Structure formats: C-alpha cells, structure tokens
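What follows is a single structure, written as structure tokens, with notes after it.
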Amino acid sequence: MGWTAVEIKEMRGTDAMNTFRTIEWKNNRVLMIDQRKLPGEEVYVECETFEEVADCIRKLVIRGAPAIGIAAAMGMALGAGSISNDSPYEKFAERMRTISEHLAMTRPTAVNLFWAIGKMNRLISERRGRKVEEIKNLLISEAIKIQEEDLRKCMQIGDNGAELIRDNSVVLTHCNAGGLATAGYGTALGVIRSAFRQGKNISVISSETRPVLQGARLTTWELERDGIPVRLITDSMAGHLMSKGIVDSVVVGADRVASNGDTANKIGTYSLSVLAKHHNIPFYVAAPTSTIDNECLSGEDIVIEQRNPEEVTHMDGKRISAEVNAINPAFDVTPAGNIECLITEVGLFKKPYTKSLGRLKKKDQ
Ligand code: MRU
C-alpha cells in the first residue's frame, strides 16, 4: 500500500523513506490511511462518495493542510464521477458547485483545502461547453497531479530547509507536518528528513500536541519508521528544555500564511514561538506556497477552527476532567516577527515578509 521503494527511488534517486501512502486514488475510489488509529493500527479507509471524503476530513481520518487539499480535490473527482455523462455542461457545473461547497465546509483554517477546490473549479469553468465525460477524466488527472506535485514540493522544501539545520543539533517540532500531513515526505519533517539524509547528526524532540496528539501518535511513528532519533515531550516541557539549552531550532508546518507572514498552525505553535524568541532559538516555518494566502493580509483575518470541547475533556471516550466546559481552538497564529524564516519549495523567505512574499508570483503558487 505504501509508495514502493522503486517509486520513491525514481522520484528521489535514493533509498526509500516514509513508505506508506497517506492518500491514494485507486479504481475510482479514494483510499486513506486512518490517522485516528495510528500508531496502534495501520488501516485504510475507502471512500466511494464525496460525502464520505468530506466526513473523513471533518473527523481527522486525514488531516494536515496539504493532505486535506489533496483529499478535497479527490473528493471533487469522486463527486463528478457520480454525475451522468449525458448531463448538459451547465447542470454538471451547478452540481459541482454544490459538491465543492460541501467539501469547503469541512474545516476552515487550512487554506490548501480552498486552494485545491479552487484549482478544480477553475478546470471546470475553463472547459465550459466541453463533454462532461472529458471533464470528469480531467478532474481525476488534476487531483492526482495535485498529489504528485505536493510530494515533489515537499522534497524541495526539505532540501531548501536542510541548510538551516546545524550538524549535531536538536530540532523541536510540533504537531505532525510529515508525510501523513502531505502527499509524502512532509514539510517540517521534510526539512528534518533532508538534513538527516545529508548525514547531519540530528535528533528530534516532538511535542505531544494536546488534545489530538498528532505529535505523540503520528510524528513519532513517522520518524521512528525512518530511523531518525526522536524523543517525546508533553507540550508544557518545551520551555524548560529550551532554558536548559537542549533545543537548537524549532521547525513547524503551517495551515495558512498571511501575506504579512503571520502564520496559523496547530494550537501551541504560538507559545513555542514566544519561548523560542525568548531563548534566542531560531523558529522556522516550512510550507508549500499553496499555504500562502495573499487575500489574507494578517493573522487577524484567519478563521480559527473551534473543535468539539470533548477532545479536551475526554480521552479515548472517557472523561478526564470534572463536568466542566472546555475551550478547543484547533489553531493559533504566530506573529511574523517570531518567524526567522519561511521555507518553501521555491526558496527561503525572510523578514519583512510583506516585501519578500510580495515578490512571489501568483503562478508560483
Ligand atoms: O488539525 P490538523 O492535524 O489538521 O493540524 C495540522 C497542522 O497544524 C499542521 O502543522 C499543518 O497542517 C501543516 S501540515 C504539513
């Protein structure tokens, strides 16, 4: 089920790493590794309808900004498949608008979801008047292309960022910005993977990432499979370790980067950035340019997803708190001033971000 060693070798020209498939288009179905079950069980969910894909995104079967973008694109291709070839173009386009709205309602913060849906919708509007069957096939190819390009971009992000990681150093990462959050290889974990592959003697500290534990469950699973040394901490331990000089750099992913560089990422990222700044530790964000939202001028404009409070009050279905309410914002915003450098597939961007990101051409994204 994973990328085969040969596939990875062809794309990378070297040994296999990260041999599992986050998401795959197969026989007109979408397969996803069920991330809620990792690391205990490695099982795959099969979606036959766009509604099932939307449900998987909402319930975190698949998560991570680039991965949910790919899922939404594949969901649209599945939805298109359910429309008759005999439909007139206008009817087809109208139905596709409903399908894309359904997928867009799943999660609000990661811009990659809307970026991928926008790409698929543009394909439809540019083919106005063409045969529905032809557009349906093109939508499948486009979704697969988004996935393949994401894998390439992640490898490039990794290679671009690796130069920032010192030999003999300890890197802290938060949440999971790995192969599971992308088509493969990862963004923040891509940087770590590339540095490790270059022979740098590095080790990783993964913060557990309450309440959904993406760090504890997913990041440690991925790094352990790759043989990259990793140690787990609870989120509250980061400041202490930084004060003891144990952390040399922090690398995280992103869900949406505003045009001024403010960055939304998993809840807890902001606190880590403040701690890193206080301790003079470089804080890097790694993301594809599809995560940069030019329409968003600052972090103020980013919608923060509020998830079910039970993620905080319960664990494995059992209440761990007294009968009180909880607050559960899934993301926070790290101010641009706390970010040393934004690592993308087209290169490194530095402060002031309004200026450096402004040079990024629309076509690059
Ligand atoms: O709620 P999640 O698990 O989808 O949140 C994921 C993150 O915050 C990741 O750090 C981000 O999407 C970057 S993934 C390359």
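Can you find a residue in the range 179-196 that is more than 20 Å from residue 254 (Cβ to Cβ) and either of a type in the set (Lys, Arg) or modelled with pLDDT of 95 or more (or both)? Write out each step before concluding.
Filtering the range 179-196 for residues more than 20 Å from residue 254 (Cβ to Cβ) gives 196.
With either of a type in the set (Lys, Arg) or modelled with pLDDT of 95 or more (or both) added as a condition, the list becomes 196.
Yes, the range 179-196 has at least one match.
Could you please let me know if residue 130 is outside any helix (DSSP H, G or I) and either away from the ligand (no atom under 15 Å from the Cβ) or more than 30 Å from residue 205 (Cα to Cα) (or both)? Outline the logic, then answer.
Working: outside any helix (DSSP H, G or I): yes; either away from the ligand (no atom under 15 Å from the Cβ) or more than 30 Å from residue 205 (Cα to Cα) (or both): yes.
For residue 130, the condition - outside any helix (DSSP H, G or I) and either away from the ligand (no atom under 15 Å from the Cβ) or more than 30 Å from residue 205 (Cα to Cα) (or both) - is met.
Out of all the residues in the range 290-324, which are surrounded by 21 or more Cβ atoms within 10 Å (Cβ to Cβ) and assigned to a helix (DSSP H, G or I)?
Residues satisfying the conditions are 290, 291, 299.
Scan the range 115-135 residue by residue and report those that are under 26 Å from the mean Cα position of the chain (by Cα) and touching a residue at least 12 places away in the same chain (Cβ under 8 Å).
At the first step, the residues of the range 115-135 found to be under 26 Å from the mean Cα position of the chain (by Cα) are 115-124.
Passing the criteria: 115, 116, 117, 119, 120, 121, 123, 124.
Go through the range 252-266 residue by residue and tally those that are in a loop (DSSP other than H, G, I, E, B) and either within 8 Å of the ligand (Cβ to nearest atom) or without any contact (Cβ under 8 Å) to a residue 60 or more places away in the chain (or both).
The initial filter retains those residues of the range 252-266 that are in a loop (DSSP other than H, G, I, E, B), namely 253-255, 259-262.
When the remaining residues are screened for being either within 8 Å of the ligand (Cβ to nearest atom) or without any contact (Cβ under 8 Å) to a residue 60 or more places away in the chain (or both), the result is 253-255.
Residues in the range 252-266 being in a loop (DSSP other than H, G, I, E, B) and either within 8 Å of the ligand (Cβ to nearest atom) or without any contact (Cβ under 8 Å) to a residue 60 or more places away in the chain (or both): 3 in total.
Please determine, by comparing only the residues of the range 296-320 that are of a type in the set (Asp, Glu) and in contact with a strand residue (DSSP E or B) (Cβ under 9 Å, 6 or more places away or on another chain), which one is nearest to residue 210 (Cα to Cα). If you could, list the steps in order and put the result at the bottom.
Step one: filter the range 296-320 for residues of a type in the set (Asp, Glu), giving 300-301, 305, 310-311, 316.
Restricting the remaining residues to those that are in contact with a strand residue (DSSP E or B) (Cβ under 9 Å, 6 or more places away or on another chain) gives 300-301, 305, 310.
Values: 300: 24, 301: 25, 305: 15, 310: 12 Å.
The residue in question is 310.
Scanning for something in contact with a helix residue (DSSP H, G or I) (Cβ under 7 Å, 6 or more places away or on another chain), surrounded by fewer than 21 Cβ atoms within 10 Å (Cβ to Cβ) and either part of a helix (DSSP H, G or I) or at pLDDT below 95 (or both), does the range 223-239 turn up at least one residue?
yes
Restricting attention to the range 332-355, and to residues there that are of a type outside the set (A, V, I, L, M) and in a strand (DSSP E or B), which single residue is surrounded by the fewest Cβ atoms within 10 Å (Cβ to Cβ)?
Pass one, the range 332-355, residues of a type outside the set (A, V, I, L, M): 332, 334-335, 337-338, 340-341, 344-345, 347, 349-355.
Retained after the next criterion (residues that are in a strand (DSSP E or B)): 332, 334, 341, 344, 347, 349.
Values: 332: 19, 334: 27, 341: 20, 344: 28, 347: 14, 349: 22.
Result: 347.
Taking the range 267-288 on its own, how many of its residues are away from the ligand (no atom under 15 Å from the Cβ), farther than 15 Å from residue 174 by Cβ and outside any helix (DSSP H, G or I)?
The total comes to 2.
Find the residue count for the range 143-176, including only residues that are buried (at least 20 other Cβ atoms within 10 Å of the Cβ) and more than 16 Å from the ligand (Cβ to nearest atom).
3
Mind counting the residues in the range 177-199 that are assigned to a helix (DSSP H, G or I) and near the ligand (Cβ under 10 Å from one of its atoms)? Lay out the reasoning, then the answer.
Filtering the range 177-199 down to residues assigned to a helix (DSSP H, G or I) leaves 179-181, 188-197.
The next check asks that each one be near the ligand (Cβ under 10 Å from one of its atoms); those that pass are 179-181, 188-190.
Residues flagged as assigned to a helix (DSSP H, G or I) and near the ligand (Cβ under 10 Å from one of its atoms) within the range 177-199 amount to 6.
Take residues that are within 16 Å of the ligand (Cβ to nearest atom) and tell me which of the strands (runs of 3 or more DSSP E) falling wholly in the range 10-117 contain 2 or more. Even if it seems obvious, please write down each step before you answer.
Details: elements: 23-26, 29-33, 44-47.
Here the list reads 29-33.
Quick check on my filter: what residues within the range 314-360 are at pLDDT below 95 and either under 22 Å from the mean Cα position of the chain (by Cα) or on the phi > 0 side of the Ramachandran plot (or both)?
316, 317, 360
The values are calculated or read from the model by the stated rules, or taken from the named source; none is laboratory data. Given the structure is predicted, the values throughout are model-derived calculations rather than measurements. Here Cβ is always computed from backbone atoms with ideal geometry, including for glycine, and neighbour counts include all displayed protein chains.
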